[in-house]
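Reviewing the structure listed below.
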Amino acid sequence: MTKKEVNITLPTDENGLIPRQCPHCDGKFTIHSETFEEQQYLNLRCPYCEWVEEVDEFLTEEQATYSEAVAETELRRMAEKEFAEMWEDAFNGLSSNDFIEVETNTDEIDFGSRNAPSPHLSIETVQVTCSECSFRYAVRRDEDDPSCPVCR
Ligand SMILES: [Zn+2]
Ligand SMILES: [Zn+2]
């Protein structure tokens, strides 16, 4: 078995914000993805309960479902390709003297695919710009006093 790696890029919304979900209180919010990467932050603070954890722990349910579907489709695609090559190799091994005619049509192989659901948040958010570090993020509308996800 060869090891398969699938890289999944989680999409941001039209404002460059990427959804996050707190592993502690399950609160959902979004952060400005580019700024976060540029500043090379490793940890994130939940704007609701102030829980601090590594950014990878803040995967939302939507993103988890999305990644799973994308990975599955990608792995299927790789399997199809491999199967098609195997199939062709098997018949290429026959010498031209053999009185066997085989038609191979590998275009027909279809392992099916799954439509990836939307990775975006289903809640309404309001954008906030931190007055201390000017980091951009968004929280639920009913949150009056959110904590900046990156300020220390
Ligand atoms: Zn939280
Ligand atoms: Zn800040």
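Miscellaneous remarks
- Taking 51, 87 and counting other C-beta atoms within 10 Å, the order from fewest to most: 87, 51
- From least to most packed, judged by other beta carbons within 10 angstrom and beginning with the fewest, 73, 129 follow the order 129, 73.
- In a fully extended conformation the segment linking residue 57 and residue 77 would gain 4.3 nm over its present Cα-Cα distance, using 0.36 nm per residue.
- Separation between Cα centres of the range 121-152 and the range 16-40, rounded to whole Å: 10
- Trypsin sites (Lys or Arg not before Pro) lying in DSSP loop within the range 1-59, provided at most 15 other Cβ fall within 10 Å: 3, 4
- Taking other C-beta atoms within 10 Å as the exposure proxy, 83, 36 rank 83, 36 from fewest upward.
All of the numbers you see were taken from the coordinates with simple rules; none came from a lab. Source: prediction; values computed, not measured. Heads up, the Cβs are rebuilt from the backbone with ideal geometry, glycines too, and the neighbour counts pull from every protein chain shown.
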